[in-house]
């Protein structure tokens, strides 16, 4: 991909709870893909709630789920993070939470 500057990629599934980072996250980080363009356009003759739409949404791929940082429910590091968040922020996260 880096050599040719192009790739064709189909959807990739990450099994839940297997403890390894998503291939999509790895690709985004290794190729410095920080934004994702999501075009949305309405077409004449295709029923839609709204007409005459031509919109591009730019989504950031570096935070939240896309960061690839996950804390599994019940693990020591997860509990430590929850305790820190509850103590130092205005948020309250229940003890039985996982964080992604």
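The values are calculated or read from the model by the stated rules, or taken from the named source; none is laboratory data. Being a predicted model, the structure only gives us computed values, none of them experimental. Because the Cβ atoms are built from the backbone with ideal geometry, glycine has one as well, and the counts that use them run over all protein chains shown.
Within segment 85-100, the residues that satisfy the criterion of being assigned to a helix (DSSP H, G or I) and loosely packed, with under 11 Cβ neighbours inside 10 Å are 87, 88. What single numbered condition from (1) at pLDDT 85 or above; (2) touching a strand residue (DSSP E or B) at 6+ places or on another chain (Cβ under 7 Å) fails to hold for residue 88? Of (1) at pLDDT 85 or above; (2) touching a strand residue (DSSP E or B) at 6+ places or on another chain (Cβ under 7 Å), only one is false for residue 88: (2).
If only residues of segment 71-80 that are in contact (Cβ under 8 Å) with a residue 12 or more places away in the chain and surrounded by fewer than 16 Cβ atoms within 10 Å (Cβ to Cβ) are counted, the one that is nearest to the chain's Cα centre (by Cα) is 72.
Suppose the filter is touching a strand residue (DSSP E or B) at 6+ places or on another chain (Cβ under 9 Å) and either modelled with pLDDT under 90 or closer than 17 Å to residue 99 by Cα (or both); does residue 50 pass it? Quick ask: steps written out before the conclusion?
Details: touching a strand residue (DSSP E or B) at 6+ places or on another chain (Cβ under 9 Å): no; either modelled with pLDDT under 90 or closer than 17 Å to residue 99 by Cα (or both): yes.
Against the criterion (touching a strand residue (DSSP E or B) at 6+ places or on another chain (Cβ under 9 Å) and either modelled with pLDDT under 90 or closer than 17 Å to residue 99 by Cα (or both)), residue 50 does not qualify.
From the list 69, 12, 8, the one residue that fits, being at pLDDT 90 or above and part of a loop (DSSP other than H, G, I, E, B), is 8.
Does any residue of segment 37-44 turn out to be at pLDDT 90 or above, part of a loop (DSSP other than H, G, I, E, B) and loosely packed, with under 11 Cβ neighbours inside 10 Å? Within segment 37-44 (the criterion being at pLDDT 90 or above, part of a loop (DSSP other than H, G, I, E, B) and loosely packed, with under 11 Cβ neighbours inside 10 Å), the answer is yes, since at least one residue qualifies.
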